[in-house]
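What follows is calculated from the coordinates using simple rules that are stated; it is not laboratory data. Small disclaimer: the values here were computed from a predicted structure and weren't measured. FYI the Cβ positions are ideal-geometry reconstructions off the backbone, even for glycines, and counts take in every protein chain you see.
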Amino acid sequence: MLKTGTIYGINGPVIYLKGNTGFSMSEMVYVGKQQLVGEVIALDKDITTIQVYEETSGLRPGEEVVASGGAVSVTLAPGILNNIFDGIERPLERIAESGGAFITRGVSVDSLDRAKKWDAHITVSAGQYLHGGDIIAEVPETHAIVHKCMIPPDMEGTVVDTVPDGSYTIDEPLITLRLQDGTEKQLTMTQKWPIRVPRPVHHRFPASVPLITGQRIIDTMFPIAKGGTAAIPGGFGTGKTMTQHQIAKWADADIIIYIGCGERGNEMTQVLEEFGELTDPRTGNPLMARTTLIANTSNMPVAAREASIYTGLTLAEYYRDMGYDVAIMADSTSRWAEALRELSGRLEEMPAEEGFPAYLASRLSAFYERAGMMHNLNGTDGSVTIIGAVSPQGGDFSEPVTQNTKRFVRCFWGLDKSLAYSRHFPAIHWLTSYSEYLNDLSHWYQDNVSQKFVDYRNRLMALLNQESSLLEIVKLIGSDVLPDDQKLVLEIARVIRLGFLQQNAFHKDDTCVSMEKQFLMMDTILYLYKQARTLVTMGHPMSVLKAENIFDRIIAIKYDVPNDRLELFAQYHRDIDAFYQRVLEKNA
Amino acid sequence: MSIEYLGLSSINGPLIALEGVQGAFFDEIVEFVVNGSERKIGRIVEIYEDRAVIQVFEGSENMSLKNTHTKLTGHPMEIALSPDMLGRTFNGIGQPIDDLGPIVSTLKRDVNGLPLNPVRREYPRNYIHTGISAIDGLTTLIRGQKLPIFSGNGLPHDQLAAQIVKQASLGEDSNEQFAVVFAAMGVKHDVADFFRHTFEESGVADHVAMFLNLANDPVVERLITPKVALTVAEYLAFEQHMHILVILTDMTSFAEAMREVSSSKGEIPSRKGYPGYLYSELATIYERAGIVQGVEGSVTQLPILTMPNDDITHPIPDLTGYITEGQVVLDRPLHGQSIYPPINILPSLSRLMKDGIGAGYTREDHQDLANQLFSAYAKVGDARNLASVIGEDELSPIDKKYLEFGKEFEERYIGQGPEENRSMIETLDLGWELLGRLPREELDRVDTKILDKYYKPLETES
């Protein structure tokens, strides 16, 4: 007999039930005749408070609320990838099939296709003793990913019986397990997990491998580790979403979970369209084959927006448990924080800074701490990397969401308005951004790219810093009066900015760049700097050096050298040598 | 549903409380009869057992605790829909005010609308030609987009919107049906008149549905005005298959009204006293633009908002910018130099532009050209700053070129006549002509092949 309650009051997405209903915290409930999905968020002897994940208009006091008996959970089984869900894991495609182009309320659809048969290969045999998290079957879910069905983390026992390899739906039993208390349990491909509870792991270990994104300013300047956390704050129009899209497309993660949290509908449509057409450069499979989209656009109910972040996280952790590297794009965490604020306001809680609830910081930290490189219960290693966009109010990084996020992430890619205005993309500003992973990852770079990699990277940064202090002077007196060696620093910094940091997402060779090319680009720029500096110290004026078009040739490397023709770099070195000789001879 | 309740429990500004209500639901519309004659309608915004808090659209004037009869209607806020709504004028809650009689239709729709499923959206790709260089060339408007105009008091945003309506209506696909839905929230009488005249002059008046909530009309009413207008727009677009341009002016008044009502409800304020749900409310309005897969017709939104104190970081423009697909920002210094339209292109942006321009849509060089113009104009700003410190004479030759370019760009490219309708090719060619004032090596945003084809340096006398 399920517990029920009666609606007493309604205020937007928050409803109140009178009396002690016996519901438990975070329990999922069905509200009213339309069976709207809701969650218990506060309990009191007299009043039970529920947030409803759908529009509440039309609800009446007196309607019944039925408990589901469990916390708000997601269904975990094959069929998650290459799919698009709303904030509480309802497949939008199915909703559209049943209700048309507009999302109606109280839609009851299964999260995953329960009729579809999947080819399963059973990996355990009778008599084997299994621990929580152990893999029992492998199912090719998409071209790119083999789904590994696991037993729930909180279960262990001996395999009594298995089915032969074959096609099964997600509800058909695969194995029978005798638990320690002697009862027998049939396990299917499906498990459920409450979205607000992190899935358990054996232990976490430090980050040591970078997530390669093909974006130069990230991979070279401010790298993020697999299992790391990063924030991308920026006012509107600075390219947060664009940066997230680029990473989602090109990052070398196995799985991408893209959470569109309170953002634009057209953007989600764009991701759907574009990712369906693009292929993963590493595997040749469509990008959607490794991607799941969670779309809770800004006009969809606010409570589901709050939940969407956790839904995405839980899906990510599930794939991590199979031993995959998963990257989450959360666009945008500010919308999630605002959903917290909105609900907190409806609950008439005491507001802290800027109206945000006082628990904003603890929620944010709990969110980012679910990232990490983990040793899983079943012995595999996997990671969850979280990249959260932040939309600071008024583009001001001192607002609470940005500030609190900064405390919990180790990588900060600050987007800059003036860069965006001059259409320098990605508009990640090299002076305000940082990555704490730089030291952790330096060994990887030295072993896998080049011994000189970190040194080169630091030299580029030093040049950019020098440029910034020189520009302060230029602002006051103009660049003409600077000595030639300083003019050269300005010129080389220009080459670095335009030729290296700026990256064109719409250019086929520039949209994703291999680590090797990134290194060779740095190498070439620094070689040019070395030769030019020698000339300047010998007394050749900058005007002569600039008259040669070598600087612009180097800037154009990003377009002129395709990723698979890196032998062309040798020619650039010869060109720089030739330039050196020409200047020497002309001014001898 | 015929129970009538006599009397009220309390009246507080536009909010009234009624006790002993049976069977009312959240968001239900109620009708009041005041003093036996005056009719008003209201909406239930909060409900606790048998106590309902009702927001009165027409304001609570003349209402007393005793003289009001209240009747539940049993439905949420609805509007009757018909293609005959074009050419008509309505008040802020969709009642005709042009003495042409009521809209007769059996089709009624909840004005709150429903969210469009992202999997059934069609990604907008067709540009709308506006004939305004700064928009066509640099912040191209796309069919199905929501592109607000961020303005300030005293800036010519109304003229700009009117010019867009006039010139966009003369599209090349003459067999496609084009119509305008115009929603005014808290605007002055002369602004409403200005738009009415413009529509008449440009011959689109019989293709316009006007919803007017003027500055002295009840504040609560304007909370529903954009929703009513967009419900009509969605109906005309997706069921009558027209291409609808929705003008919403002024979104600032809408947000102010929300703050006013929220405060009288005793809600906890978040930023600058606006309620915490300001973002969600604005989003439910702006997101009602777009195209549905497989359905002819589109809703394009052109909201206008006046930035309080010209501050783009104020919550209203700020949250709007986060929802809409770009913005066109008007600038007071440019207006001061009598440049019309005074569009400051640097903070202006059209997010959907990249997919609706280029080969096959406008011309292959469009994206590169736009990037280069943005980048060059950003450098103009740097050069001007420098000039203001060290004097123009001390500038390097290249900085001087930028100054020259900046002046020409503002006067000839951004500036144009309020009647001037430039073709896309004119706009693009003008861009190249201006870039011809800069040496080729400065043009670092353009692909070499495109440069070879389009770049022509300006012949200098020396």
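Observations, loosely collected:
- Full extension of the chain segment joining A:SER543 with A:LEU278 gains 90.9 nm, where the gain is 0.36 nm per residue of separation less the Cα-Cα distance.
- Computed from label points 7 Å out along Cα-Cβ, the spacing between A:HIS202 and A:HIS573 is 4.5 nm.
- Cα-derived Rg to Rh of region A:361-414, Kirkwood definition: 1.09
- When you filter the trypsin sites (Lys or Arg not before Pro) in region A:186-226 for DSSP loop state and at most 12 other Cβ atoms inside 10 Å of their Cβ, nothing is left.
- Take each peptide in B:194-206, A:420-432, count the other Cβ atoms within 10 Å of every residue, and average; sorted highest first, the result is A:420-432, B:194-206.
- Dimensions of region A:322-397 from C-alpha coordinates, computed as largest minus smallest value along each principal axis and given longest first, are 46, 26, 16 Å.
- Using θ = phi - 60° in the Karplus curve 6.51 cos²θ - 1.76 cosθ + 1.60, the 3J(HN,Hα) couplings for region A:418-423 round to 5, 5, 5, 4, 8, 6 Hz; x is entered for Gly and Pro.
- Computed from the Cβ-Cβ distance with R0 of 30 Å, the FRET efficiency linking B:ALA80 to B:GLU200 stands at 0.75.
- In chain B, the longest principal axis of the Cα atoms and the axis of helix B:189-201 are about 60 degrees apart.
- Every helix of 4 or more DSSP H residues in chain B counts as -39500 (n - 2.57), and over all residues that averages to -9000 deg cm²/dmol at 222 nm.
- With respect to chain B, whose longest principal axis is taken over its alpha-carbon atoms, helix B:157-168 is tilted by about 80°.
- Beta bridges assigned by DSSP with both partners in chain A are antiparallel in approximately 70 percent of cases.
- Chain A, helix-only ellipticity at 222 nm - DSSP H runs n ≥ 4, -39,500 (n - 2.57), divided by all residues, nearest 500: -10500 deg cm²/dmol
- The Cβ shell under 12 Å around A:LEU211 holds other residues with a net charge of -3, Lys and Arg each +1, Asp and Glu each -1.
- The alpha carbon centroids of region B:11-38 and region A:486-525 are separated by 66 Å.
- Peptides A:128-138, B:389-399 ordered by packing proxy, namely the average of other Cβ atoms within 10 Å per residue, highest first: A:128-138, B:389-399.
- Net charge over other residues, Cβ less than 15 angstrom from the Cβ of A:LYS558 (K, R count +1; D, E count -1): -3
- The distance separating the Cα centre of region A:182-256 from that of region A:356-374 comes to 15 Å.
- Förster radius 30 Å - calculated FRET efficiency between A:GLU349 and B:ASN309 (Cβ-Cβ, nearest 0.05): 0.45
- Among the residues of A:327-336, the average count of other protein chain beta-carbon atoms within 10 Å of the residue beta-carbon is 1.
- DSSP bridge orientation in region B:108-221 - percent antiparallel, rounded to nearest 5: 20 percent
- Label-reachable residues, region A:279-293, where backbone N falls under 19 Å from a point 7 Å from A:ARG565's Cα toward its Cβ: none
- For chain B, the longest principal axis of the alpha carbon atoms and the long axis of helix B:221-234 meet at an angle near 70°.
- Cross-link pairs A:LYS240/B:LYS272; B:LYS379/B:LYS449; B:LYS108/B:LYS354; A:LYS530/B:LYS449 - those with Cα-Cα distance over 27 Å: B:LYS108/B:LYS354; A:LYS530/B:LYS449
- Our summary gives region A:69-125 a relative contact order of 33 percent, counting only alpha carbon pairs under 8 angstrom and 6 or more residues apart.
- For peptide A:418-425, the mean count of partner chain Cβ atoms within 10 Å of a residue's Cβ comes to 6.
- Gap separating the Cα centres of region A:128-177 and region A:560-579, nearest whole Å: 53 Å
- Between A:HIS143 and B:ARG125, the distance separating the two model label sites (each 7 Å from Cα on the Cα→Cβ line) works out to 2.1 nm.
- Among the residues of A:52-65, the average count of other protein chain beta-carbon atoms within 10 Å of the residue beta-carbon is 4.
- The Cα-based radius of gyration and maximum Cα-Cα distance (Dmax) for region A:67-226 are 19.1, 57 Å.
- Its Kirkwood hydrodynamic radius, worked out from the mean inverse distance over all distinct Cα pairs, puts region A:271-328 at 13.0 Å.
- Square roots of five times the Cα gyration tensor eigenvalues for chain A, Å: 51, 29, 19
- Within a straight-line Cα-Cα reach of under 24 Å, A:LYS192 can be paired with the following lysines, leaving aside sequence neighbours fewer than 8 residues apart in one chain: A:LYS3, A:LYS116, A:LYS117, A:LYS148.
- Our Cα-only numbers for the protein assembly as shown put the radius of gyration and Dmax at 30.8, 104 Å.
- Each other residue within a Cβ distance under 11 Å of A:THR220 adds +1 if Lys or Arg and -1 if Asp or Glu, for a net charge of +2.
- Rounded to the nearest 0.05, the FRET efficiency derived from the C-beta distance between A:ARG407 and B:ASP99 at R0 = 51 Å is 0.20.
- For region A:456-528, applying the loop criterion from DSSP together with a ceiling of 15 other beta carbons within 10 Å to the trypsin sites (Lys or Arg not before Pro) yields A:LYS508.
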